[in-house]
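*Asks:* Quick one: the structure is below, and I'll ask about it shortly.
What follows draws every value from the coordinates through simple rules; no lab data is involved. Note that this is a predicted model, so its numbers are computed, not measured. Here the Cβ is made from the backbone with ideal geometry for all residues, glycine too, and neighbour counts use every protein chain on show.
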Amino acid sequence: MKNDRGFTLIEMMVVLLIISVLLLITIPNVAKSNEVVDSKGCDAFIELVEAQIQLYKVDNGTYPDSINTLESAGYLDRTTCPDGTAITIGGDGSVLKNEPTLEG
């Protein structure tokens, strides 16, 4: 008879347990990192919009009426943050972040 060796059921269960524990530790950290990335991405987008507002004022002599004006004039490609948060432009050229509202 040949002496075939393989993994026992207990060894396989231990390996699956270790992989499961590693996944339970990793997945929440990845989800938390995505929230931080979205927040930082929105902050960077707001800084970009502020710079584009100043450029628009230099080119046209006045602040834009709305963020849609910047988009239609070719200064921006989008009007929302990467996480979907809408932003608006104040009369003095300031950028305002509209926090999402809960309905219902």
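*Asks:* Projected area of the stretch 41-99, taken from the Cα convex hull and averaged over every viewing direction, in nm²?
*Replies:* Values: hull surface 14.1 nm².
Orientation-averaged projected area of the Cα hull: 3.5 nm².
*Asks:* How long, wide and thick is the chain, going by the Cα atoms along their three principal axes, in whole angstroms, largest first?
*Replies:* Principal extents (Cα only, largest first): 92, 36, 18 Å.
*Asks:* If you don't mind, another one. Taking the highest mean first, how do the peptides 28-41, 53-66 order by number of other beta carbon atoms within 10 angstrom per residue?
*Replies:* Details: 28-41: 10.9, 53-66: 13.1.
The densest-packed peptide leads the list: 53-66, 28-41.
*Asks:* Could you list which residues have their amide H under 5 Å from that of Val95, counting only those 5 or more apart in sequence or on another chain, with H placed in the peptide plane?
*Replies:* Counting only residues 5 or more places away or on other chains, the set is Gly90.
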